Amino acid sequence: MPSVQSLQQQQYYAHPRNAFWPIMARLFKFDLNLNYSTRCQKLQQHNIAVWDVLKACQRQGSLDQNIDANSMIVNDFNAFFQHHPSIQQLLFNGGKAENVFKQHVVRNLNKPFKSLSQARLPSTSPAHAAQSLDEKYLIWQKALFQ
């Protein structure tokens, strides 16, 4: 789920210390200071879709560990994949997204979608400080340009 700040601004990765946009700007060579809409267009130009595993949930604050498991409502990935049939790979921004997807989405996926390539990448959240921005960048780069 997006952070409290992202939900308030209605923008993915709105927290100024989140590494997602700096990594994307570096990977796809665009100005990090572009407005949100233009940054999203840059991702689309490179065939990148960003979508949450969860459609809704209850939690205190922004940390994934605070999500109330009983409140989770997952997005309809079958409809998403049918609408976007060219998707070839799923990259999870951190472990929580991957775990929720595997526990609550995979069992309900239509057969052709179960074989999509999947990989967990290091979270770009400022709460995940175990790796530097450069370390995260290199792992994201490898995943996107393998």
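The values are calculated or read from the model by the stated rules, or taken from the named source; none is laboratory data. All of these numbers come straight from a predicted model, not from anything done at the bench. All Cβ positions, even for glycine, are placed from backbone atoms using ideal geometry, and neighbour counts span all protein chains on display.
Here are the numbers for this structure:
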{"read-out": "Filter result for the condition that a residue is touching a residue at least 60 places away in the same chain (Cβ under 8 Å), out of contact with any Lys or Arg (no Cβ under 6 Å at 6 or more places or on another chain) and not aliphatic (A, V, I, L, M), over 78, 93, 35", "value": "93"}
{"read-out": "Residue in the range 92-105 that is more than 14 Å from the chain's Cα centre (by Cα), under 25 Å from residue 43 (Cα atoms), loosely packed, with under 14 Cβ neighbours inside 10 Å and not polar (S, T, N, Q) present", "value": "no"}
{"read-out": "Close pairs from the range 10-30: first under 26 Å from residue 55 (Cβ atoms) and at pLDDT 95 or above, partner assigned to a helix (DSSP H, G or I) and among the basic types (Lys, Arg), Cβ under 8 Å, at least 6 apart", "value": "19/136; 21/39; 23/136; 24/39; 24/42"}
{"read-out": "Test: residue in the range 116-131 that is of a type in the set (A, V, I, L, M, F, W, C), touching a strand residue (DSSP E or B) at 6+ places or on another chain (Cβ under 7 Å), surrounded by fewer than 18 Cβ atoms within 10 Å (Cβ to Cβ) and farther than 30 Å from residue 29 by Cα", "value": "no"}
{"read-out": "Among the residues listed as 73, 139, 87, 48, the single one being within 24 Å of residue 8 (Cα to Cα), touching a Leu at 6+ places or on another chain (Cβ under 9 Å) and surrounded by 12 or more Cβ atoms within 10 Å (Cβ to Cβ)", "value": "48"}
